[in-house]
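First up is the structure itself, then whatever we jot down about it.
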Amino acid sequence: MSAAAELLSQEFTLGYTYTRTTGPVVGEFLTALRDRKMRGIKGSDGRVLMPPMEYDPVDAAALSEFVDVADCGEVVSWTWVSQPRKAHPSDSAFAWALIKLDGADTAMLHWVDAGDESAMKTGMRVKARWANETKGFITDINGFVPEAVALVADYVESDAELEPISGIECPSYMTYNFTAGKATARYLAQLRNGKLVGQRCPNCANVYIPPRGSCAACGVPTEEEVELSNKATVESYTIVYIPIPNNPIKPPYVIANLVLDGANLSFLHLLSECDNNNVRIGMRVEAVWKPKEEWGYAMENIKYFKPIDEPDMPVEQIGKQKSGE
Amino acid sequence: MRDVAIVAYAQSDCQGNAGAQNEVELIMPVLQEVYKQAGITNVQDVDFTCSGSCDYQQGAAFAFVSGVDALGAVPPIKESHVEMDAAWALYEAWLKIQTGQAESALLYGFGKSSPGELPIVLSQQLDPYYLAPLWVDSIAFAAMQARMMLEKGLITEADMAEVVARSRRNALANPHAQLKGEFSVEQLLAEPMYESPLRKHDCCPVSDGACAMVICTVEKAKEWGKPYAVIKGIDHRIETHHIGSRDLTRSVSTELAAEAVGVGNGPVDIAELYAPFSHQEIILKKALGLNNDTVVNASGGVLAGNLMMASGLSRIGEVAMRLIKGEGKRGVAHATSGPALQQNLVTVLEAQ
């Protein structure tokens with residue numbers, strides 16, 4: 001049975017490298033920002049919406065009548081962030097604020113660099129602090145400041161004829177601390193000891209490796225651990241001829257679905273020390289482990305599988321043998 | 001509309017960090033519990049399965065697909081998923097039953113938010129041109145909403161603290177709650193500001209966990225011979241994503257949903273409101289037209305533990321279980337999604 005799971009955690013950063021098309025309305029707004037100008041749009045009821053909407057929020061009519069608004073206005077509501085998070089636009093304490101620009105009828109969200117919370121007040125006047133270099137993005141406004149603050153403009157101006165903004169790059173990166181589940185942690189801990197350990201379903205007796213703590217077919221928890229052999233059967237395979245960026249393995253190479261002896265479902269691994277033209281379903285192979293001192297919590301402890309001199313397994317038997325029977 | 005019966009509901013503990021538990025390990029115990037309550041063997045005994053979760057929370061692509069490993073979907077089942085709170089999975093299943101495509105359904109919601117920075121993760125659900133690139137956190141919208149209410153004299157800081165004190169006190173009787181205890185309003189008001197005018201206790205905690213529910217037609221519930229509560233109606237309304245066009249001091253979408261579902265057509269004995277921030281409970285009570293005769297958030301609500309993507313379904317489950325236990329005859333459950341109560345789903349339930 002499973003002993004208490006070791007806690008295996010690792011930090012990782014997930015990146016979504018999105019690029020987005022803007023459409024004409026958002027594009028017009030961002031193009032104006034690049035020129036350090038604010039543009040809203042007239043809603044169906046004549047009110048000026050800021051930032052501009054493509055469709056009226058009340059009657060859903062398509063909107064197109066742009067209106068210039070000022071780059072200063074008043075704070076409608078705000079909150080003070082005394083300890084900014086890493087992703088926030090300011091490293092020092094700042095305010096998020098809803099700001100109604102002069103000439104607009106709705107407030108837009110941005111941030112205010114006020115120095116201290118005591119400088120913030122609902123109804124206070126603020127003005128945009130434009131970025132020295134603009135690119136047609138919401139951060140072209142480098143926050144707002146109280147209107148009385150003197151700003152020194154050191155703008156980078158371009159003489160080039162610029163196309164209107166029609167697309168933006170907006171990658172988003174988020175950092176997580178992943179903790180492996182109980183079944184995965186047990187599996188990885190055993191792998192570090194050079195052992196391949198799966199879990200058996202108490203209902204259908206199928207053995208899963210890597211285990212996930214459940215039998216996906218029966219929907220019951222799996223607890224019983226089963227140490228499996230180093231030998232496996234090729235269930236399926238493909239020969240990769242395309243070089244994959246950052247992959248140290250040089251093509252052509254063989255990736256195979258392998259069913260370990262004693263297991264009932266396959267996992268993916270590499271096949272090597274073989275004639276690629278002679279790889280076949282049913283072929284018998286065994287694991288080639290790295291030297292013990294290189295073992296970690298990873299399937300890479302096994303360098304690859306290599307063919308062994310045993311008769312092929314008939315296709316209909318692959319993955320069908322119940323080790324507990 | 002035909003009545004739909006809730007026959008089983010279970011929720012895990014709200015844990016600040018579920019550590020070495022993957023989605024399957026979080027979901028499976030609550031599934032086993034609702035099977036037991038409903039007297040069924042497994043997922044094969046219901047006609048439809050629907051879940052709610054969001055992979056961004058734990059940063060694992062297709063975690064919602066991995067979650068299906070908890071079900072036992074062999075032979076294949078009819079299954080669906082919403083990238084929303086599981087209250088909306090219930091809505092989908094309720095519609096399936098209304099249209100006669102299913103007589104019974106299993107629902108579950110789960111979330112492991114602890115691996116990421118939830119207020120920042122949630123910033124990425126916002127408008128991708130105007131808001132997401134600023135990384136404006138989810139607490140900020142609630143804080144600006146609270147300030148509007150305070151400065152317009154609609155609430156006081158003491159009102160907010162009273163909501164928190166009651167939540168912590170009620171949570172003492174809830175074994176699954178994460179934050180509980182006896183606190184006075186004065187004690188709470190002495191705490192420092194977090195994102196002003198919110199103090200940390202005005203904000204729900206980040207919790208890991210899951211919940212599950214089994215619903216069916218009333219005929220099926222009678223066939224199964226289990227006690228049940230009845231869903232009389234559900235309605236869901238959304239407000240614009242243009243934050244400046246919204247009146248943040250009230251919840252127009254909740255008002256509309258409450259009207260559509262007839263909340264005011266009878267006395268409401270119990271209500272569970274998904275108010276992730278203290279002042280929002282006050283907004284919601286008003287929008288639903290609840291008076292002091294209604295017991296609100298007897299479980300402690302989500303200020304005592306917030307299973308993102310499961311808390312909405314939990315509100316409905318909490319009300320159903322209390323009605324089954326005889327704590328009232330008619331109840332209201334509310335679920336929310338989006339910044340500053342943008343989307344709201346209102347359910348009216350009655351005892352059998």
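The values are calculated or read from the model by the stated rules, or taken from the named source; none is laboratory data. What you are looking at is a predicted structure, and each value in this text was computed from that prediction instead of being measured. Note: ideal-geometry Cβ built from the backbone for every residue, glycine included; neighbour counts use all protein chains shown.
Output the residue which, of all residues in the range A:166-187 that are hydrophobic (A, V, I, L, M, F, W, C) and out of contact with any Gly (no Cβ under 9 Å at 6 or more places or on another chain), is surrounded by the fewest Cβ atoms within 10 Å (Cβ to Cβ). Reasoning before the result, please.
Initial filter on the range A:166-187 (hydrophobic (A, V, I, L, M, F, W, C)): A:168, A:170, A:174, A:178, A:180, A:183, A:185.
Of the ones still in play, those that are also out of contact with any Gly (no Cβ under 9 Å at 6 or more places or on another chain) are A:170, A:180, A:185.
Details: A:170: 16, A:180: 22, A:185: 24.
Across the range A:166-187, the extreme among qualifying residues is A:170.
Exactly one of these conditions fails for residue A:158: (1) in contact (Cβ under 8 Å) with a residue 60 or more places away in the chain; (2) more than 12 Å from every other protein chain (Cβ to nearest Cβ). Give me its number.
(1)
List pairs: first residue in the range B:319-335 and within 14 Å of residue B:230 (Cβ to Cβ), second residue basic (Lys, Arg) and part of a helix (DSSP H, G or I) anywhere in the structure, Cβ distance under 7 angstrom, at least six positions apart or on different chains.
Close Cβ pairs satisfying both conditions: B:328/B:322; B:331/B:322; B:333/B:315.
Among the listed residues A:153, A:185, which satisfies the condition of being over 28 Å from residue A:279 (Cβ atoms) and within 14 Å of chain B (Cβ to nearest Cβ)?
On the way: A:153 fails: within 14 Å of chain B (Cβ to nearest Cβ).
Residue meeting the stated conditions: A:185.
Filtering the range B:70-86 down to residues that are closer than 17 Å to residue B:311 by Cα and touching a helix residue (DSSP H, G or I) at 6+ places or on another chain (Cβ under 6 Å), which residue is nearest to the other protein chains (Cβ to nearest Cβ)? Lay out the reasoning, then the answer.
Let us first name the residues in the range B:70-86 that are closer than 17 Å to residue B:311 by Cα, namely B:81-86.
With the extra rule that they be touching a helix residue (DSSP H, G or I) at 6+ places or on another chain (Cβ under 6 Å), the set shrinks to B:81-82, B:85-86.
Details: B:81: 16, B:82: 20, B:85: 20, B:86: 18 Å.
In this case the residue turns out to be B:81.
Tell me, please, whether a residue that is more than 20 Å from the chain's Cα centre (by Cα), in a loop (DSSP other than H, G, I, E, B) and either modelled with pLDDT under 95 or within 13 Å of chain A (Cβ to nearest Cβ) (or both) can be found in the range B:186-198. Break it down into steps so the answer makes sense when it comes.
The first filter runs over the range B:186-198 and keeps only residues more than 20 Å from the chain's Cα centre (by Cα), leaving B:186-198.
Those still in the list that are in a loop (DSSP other than H, G, I, E, B) too: B:190-192, B:197.
Narrowing further to those that are either modelled with pLDDT under 95 or within 13 Å of chain A (Cβ to nearest Cβ) (or both): B:192, B:197.
Yes, the range B:186-198 contains a residue that is more than 20 Å from the chain's Cα centre (by Cα), in a loop (DSSP other than H, G, I, E, B) and either modelled with pLDDT under 95 or within 13 Å of chain A (Cβ to nearest Cβ) (or both).
Working only within the range A:216-257, note down all residues that are within 14 Å of another protein chain (Cβ to nearest Cβ) and either touching a residue at least 40 places away in the same chain (Cβ under 8 Å) or touching a Phe, Trp or Tyr at 6+ places or on another chain (Cβ under 7 Å) (or both). Give the derivation first.
Quick first cut of the range A:216-257, residues within 14 Å of another protein chain (Cβ to nearest Cβ) only: A:216-223.
If the condition is that a residue be within 14 Å of another protein chain (Cβ to nearest Cβ) and either touching a residue at least 40 places away in the same chain (Cβ under 8 Å) or touching a Phe, Trp or Tyr at 6+ places or on another chain (Cβ under 7 Å) (or both), then A:222, A:223 are the ones that fit.
Only residues that are in a helix (DSSP H, G or I) and without any contact (Cβ under 8 Å) to a residue 60 or more places away in the chain: list them for the range B:221-259, please. Spell out how you get there, then give the answer.
If we filter the range B:221-259 for residues that are in a helix (DSSP H, G or I), which is where we start, we get B:221-224, B:243-245, B:252-259.
Matches in the range B:221-259: B:222, B:223, B:244, B:245, B:252, B:255, B:256, B:259.
Considering only residues that are closer than 13 Å to residue B:136 by Cβ and part of a loop (DSSP other than H, G, I, E, B), look in the range A:85-109 and name the one that is farthest from the other protein chains (Cβ to nearest Cβ).
Going through the qualifying residues, I end up with A:90.
Looking at the range B:111-137 only, could you name the residues that are of a type in the set (Ser, Thr, Tyr), more than 7 Å from chain A (Cβ to nearest Cβ) and crowded, with 22+ Cβ neighbours inside 10 Å?
Step one: filter the range B:111-137 for residues of a type in the set (Ser, Thr, Tyr), giving B:113-114, B:123, B:129-130.
Now restrict to residues that are more than 7 Å from chain A (Cβ to nearest Cβ): B:113-114, B:123.
Selection gives B:113, B:123.
Can you tell me which residue among A:257, A:277, A:264 is of a type in the set (S, T, N, Q) and in a strand (DSSP E or B)? Spell out how you get there, then give the answer.
On the way: A:277 fails: in a strand (DSSP E or B); A:264 fails: in a strand (DSSP E or B).
Result of the check over A:257, A:277, A:264: A:257.
Kindly indicate which of A:101, A:30, A:49 is in contact with a Cys (Cβ under 8 Å, 6 or more places away or on another chain) and among the hydrophobic types (A, V, I, L, M, F, W, C). Spell out how you get there, then give the answer.
Numbers: A:30 fails: in contact with a Cys (Cβ under 8 Å, 6 or more places away or on another chain); A:49 fails: in contact with a Cys (Cβ under 8 Å, 6 or more places away or on another chain).
Of the residues listed, the single one that is in contact with a Cys (Cβ under 8 Å, 6 or more places away or on another chain) and among the hydrophobic types (A, V, I, L, M, F, W, C) is A:101.
Could you grab me the full set of residues in the range B:197-225 that are basic (Lys, Arg) and either surrounded by fewer than 20 Cβ atoms within 10 Å (Cβ to Cβ) or out of contact with any strand residue (DSSP E or B) (no Cβ under 8 Å at 6 or more places or on another chain) (or both)? Before you say what the answer is, go through the steps one by one.
First pass over the range B:197-225, keeping only residues basic (Lys, Arg): B:199-200, B:220, B:222.
Across the range B:197-225, the qualifying residues are B:200, B:222.
Condition test on residue B:49, is it in a strand (DSSP E or B) and closer than 17 Å to residue A:217 by Cα? Even if it seems obvious, please write down each step before you answer.
Numbers: in a strand (DSSP E or B): yes; closer than 17 Å to residue A:217 by Cα: yes.
Answer is yes for this residue.
Just for the range A:110-143: of the residues that are assigned to a loop (DSSP other than H, G, I, E, B) and small (Gly, Ala, Ser), which one is nearest to the chain's Cα centre (by Cα)?
Of the residues in the range A:110-143, the ones assigned to a loop (DSSP other than H, G, I, E, B) are A:113-116, A:120-124, A:131-137.
Next cut, small (Gly, Ala, Ser) only: A:114-115, A:123, A:131, A:136.
Working: A:114: 33, A:115: 34, A:123: 39, A:131: 29, A:136: 25 Å.
Only one residue tops the list, namely A:136.
Scan the range A:36-57 residue by residue and report those that are more than 22 Å from residue A:97 (Cβ to Cβ) and among the aliphatic types (A, V, I, L, M).
none
Look at residue B:72 and say whether it is in a loop (DSSP other than H, G, I, E, B), touching a residue at least 12 places away in the same chain (Cβ under 8 Å) and not aromatic (Phe, Trp, Tyr). Talk me through it step by step, then tell me what you get.
Values: in a loop (DSSP other than H, G, I, E, B): yes; touching a residue at least 12 places away in the same chain (Cβ under 8 Å): yes; not aromatic (Phe, Trp, Tyr): yes.
Yes; evaluated as a whole, the condition is true for this residue.
Could you figure out which of (1) assigned to a strand (DSSP E or B); (2) facing chain B (nearest Cβ under 8 Å); (3) of a type in the set (D, E, K, R) isn't true of residue A:68?
Going through (1) assigned to a strand (DSSP E or B); (2) facing chain B (nearest Cβ under 8 Å); (3) of a type in the set (D, E, K, R) one by one, residue A:68 breaks only (2).
Which is in a helix (DSSP H, G or I), in contact (Cβ under 8 Å) with a residue 40 or more places away in the chain and away from every other protein chain (no Cβ under 11 Å), of B:89, B:177?
Values: B:177 fails: in a helix (DSSP H, G or I).
Going through B:89, B:177 in turn, just one is in a helix (DSSP H, G or I), in contact (Cβ under 8 Å) with a residue 40 or more places away in the chain and away from every other protein chain (no Cβ under 11 Å): B:89.
For residues in the range B:46-69 being of a type outside the set (D, E, K, R) and under 22 Å from residue B:103 (Cα atoms), which is nearest to the other protein chains (Cβ to nearest Cβ)? Steps first, answer last, please.
Taking the range B:46-69 first, the residues of a type outside the set (D, E, K, R) are B:46, B:48-54, B:56-68.
Next, only the ones that are under 22 Å from residue B:103 (Cα atoms) stay: B:46, B:48-52, B:68.
Numbers: B:46: 12, B:48: 15, B:49: 11, B:50: 16, B:51: 13, B:52: 19, B:68: 7 Å.
Taking the candidates together, the pick is B:68.
If we only count strands (runs of 3 or more DSSP E) wholly inside the range A:7-60, which ones have 1 or more residues that are more than 30 Å from residue A:297 (Cα to Cα) and either more than 8 Å from chain B (Cβ to nearest Cβ) or not small (Gly, Ala, Ser) (or both)?
Numbers: elements: A:9-16, A:19-21, A:38-42.
Qualifying strands (runs of 3 or more DSSP E): A:19-21, A:38-42.
For the range A:222-235, which residues satisfy the criterion of being outside any strand (DSSP E or B) and of a type in the set (Asp, Glu)? Full working, then the answer.
Our first condition is that a residue be outside any strand (DSSP E or B); within the range A:222-235, this holds for A:222-224, A:229-230.
If the condition is that a residue be outside any strand (DSSP E or B) and of a type in the set (Asp, Glu), then A:223, A:224 are the ones that fit.
Of everything in the range A:200-221 that's touching a helix residue (DSSP H, G or I) at 6+ places or on another chain (Cβ under 8 Å) and assigned to a loop (DSSP other than H, G, I, E, B), which residue is farthest from residue A:184 (Cα to Cα)?
Checking each candidate, the answer is A:219.
For the range B:308-327, enumerate the residues that are outside any helix (DSSP H, G or I) and either in contact with a Cys (Cβ under 6 Å, 6 or more places away or on another chain) or surrounded by fewer than 21 Cβ atoms within 10 Å (Cβ to Cβ) (or both).
Here is the first cut: in the range B:308-327, the ones outside any helix (DSSP H, G or I) are B:308-310, B:325-327.
Within the range B:308-327, B:309, B:310, B:325, B:326, B:327 meet the criteria.
Filter the range A:271-325 for residues that are loosely packed, with under 14 Cβ neighbours inside 10 Å, of a type in the set (Val, Ile, Thr) and in contact (Cβ under 8 Å) with a residue 40 or more places away in the chain and give the result.
Across the range A:271-325, the qualifying residue is only A:308.
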